[in-house]
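Q: Mind looking over this structure? Questions follow.
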Amino acid sequence: MKLNRLAFWFSLLLGLNLIFSCKSKKTTIKPNEKKDELVVERKNGTNDAFFNRIISQKNSSDVLSFLAEADYNDGKQSVSLSMDVSAKKDQYIFLSAKAFGIVNVARVLIQPDSIRIMDMVNRKYISASYQYMRNFSSAPITFEQLQNLAWANAMFDPKAPNTQIDSFGNSILLVMNLGSTLQRATYSKGLKSESVVLSEQSKSQEMRINYGDFKLVDGIFYPHEILINIQAEKKMECKFLINNFATSIKKDPQFVVPKSYKVQVY
């Protein structure tokens, strides 16, 4: 199995929550508030309060776990992987990937201070800081943003004065200025994340995340289909179908690097 590894890992890391949607199966969560109430808030200039309400509606739990079938395609190469994902809030996100359900391909451990990857095909261990992510995107991505993705939330929480409010149809659109990057986050009337788009005009690149097939599990409306599209020098797509979602884990993951692996530190 030969892949463009940088593109592959980037799509995996940015899709770590791993949850995207087919439009044909997309569902809308019932609203908690009426549309006219949202308009009143905006007219009264209480955007901070509205943003706080959105943040309060984020998916949240101490831990989560799920299995996923992931299909990656960049137009030249495609691969299907089985993934086992677990996460503990503010501590780690762990991903184990297998091909054909039996061949170990990779393990990824994301922590607040580092991203660690075991490339088990090429017998390499990669340790990277979050500054290394800037080689792929100028967006200020940290553990917080990847954790938001793991819980199927928008990557960046809205805040004033950098966020503008708009709405259309059955959705609410928030546009957040991150300097060289714009985040366009779409929410249902129940203030649940439906899609996220990160755009970098200077680099003519974009990452689009769609959440769909929402199911209520352990009190969380979690999408069971996730689609990530990346438009950059090349086009990449990674689709995840989620199953066995739970807000519990049996034990913390093991991440032991064999001494024979080549080490790369960034």
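The values are calculated or read from the model by the stated rules, or taken from the named source; none is laboratory data. Note that this is a predicted model, so its numbers are computed, not measured. Here the Cβ is made from the backbone with ideal geometry for all residues, glycine too, and neighbour counts use every protein chain on show. We work out accessible area using only protein heavy atoms, side chains counted, and drop any ligands, DNA or RNA first. Shrake-Rupley method; radii C 1.70, N 1.55, O 1.52, S 1.80 Å.
Q: When you scan segment 53-134 for strands (runs of 3 or more DSSP E) that lie fully inside it, which ones turn up with 3 or more residues that are hydroxyl-bearing (Ser, Thr, Tyr)? Walk me through how you get there before you give the answer.
A: Working: elements: 63-73, 78-88, 92-99, 103-111, 114-119, 124-128.
Counting at least 3 such residues, we get 78-88.
Q: Could you say which residue among Tyr261, Tyr266 is modelled with pLDDT under 90 and farther than 30 Å from Gln164 by Cβ? Can you show your working first?
A: On the way: Tyr261 fails: modelled with pLDDT under 90.
Answer to the check: Tyr266.
Q: Looking at segment 220-245, which of the residues that are more than 22 Å from Gly190 (Cβ to Cβ), part of a strand (DSSP E or B) and of a type in the set (A, V, I, L, M) is modelled with the highest pLDDT? Spell out the reasoning first.
A: If we filter segment 220-245 for residues that are more than 22 Å from Gly190 (Cβ to Cβ), which is where we start, we get 228-241, 243-244.
Next cut, part of a strand (DSSP E or B) only: 228-231, 235-241, 243-244.
Pick out the ones that are also of a type in the set (A, V, I, L, M) and you get 228, 230, 236, 241.
On the way: Ile228: 90, Ile230: 83, Met236: 83, Leu241: 94.
Among those residues, the one meeting the criterion is Leu241.
Q: Of the conditions (1) charged (D, E, K, R); (2) surrounded by fewer than 21 Cβ atoms within 10 Å (Cβ to Cβ); (3) under 19 Å from the mean Cα position of the chain (by Cα); (4) within 24 Å of Ser248 (Cβ to Cβ), Lys98 clears all except one; give me its number.
A: Unmet condition: (3).
Condition check ((1) within 15 Å of Pro253 (Cβ to Cβ); (2) within 16 Å of the chain's Cα centre (by Cα); (3) open to solvent by 40 Å² or more (accessible area, probe 1.4 Å); (4) not aromatic (Phe, Trp, Tyr)) across all residues:
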site: Ile93; (1), (2), (3), (4): yes, yes, no, yes
site: Val105; (1), (2), (3), (4): no, no, no, yes
site: Arg123; (1), (2), (3), (4): no, no, yes, yes
site: Trp151; (1), (2), (3), (4): no, yes, no, no
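Q: Could you check Arg184 against (1) more than 21 Å from Ile165 (Cα to Cα); (2) surrounded by fewer than 22 Cβ atoms within 10 Å (Cβ to Cβ) and say which number it fails?
A: (1)
Q: Take the residues of segment 199-234 that are small (Gly, Ala, Ser) and out of contact with any helix residue (DSSP H, G or I) (no Cβ under 9 Å at 6 or more places or on another chain): which is nearest to Ser61 (Cα to Cα)? Spell out how you get there, then give the answer.
A: Taking segment 199-234 as the starting set, the residues that turn out to be small (Gly, Ala, Ser) are 199, 202, 204, 212, 219, 232.
Filter once more, so that each one left must be out of contact with any helix residue (DSSP H, G or I) (no Cβ under 9 Å at 6 or more places or on another chain): 199, 202, 204, 219.
Details: Ser199: 29, Ser202: 37, Ser204: 36, Gly219: 9 Å.
Here the answer is Gly219.
Q: I've got another one for you. Go through segment 236-259 and report how many residues are open to solvent by 80 Å² or more (accessible area, probe 1.4 Å), farther than 30 Å from Phe221 by Cβ and either touching a residue at least 40 places away in the same chain (Cβ under 8 Å) or among the aliphatic types (A, V, I, L, M) (or both).
A: 1
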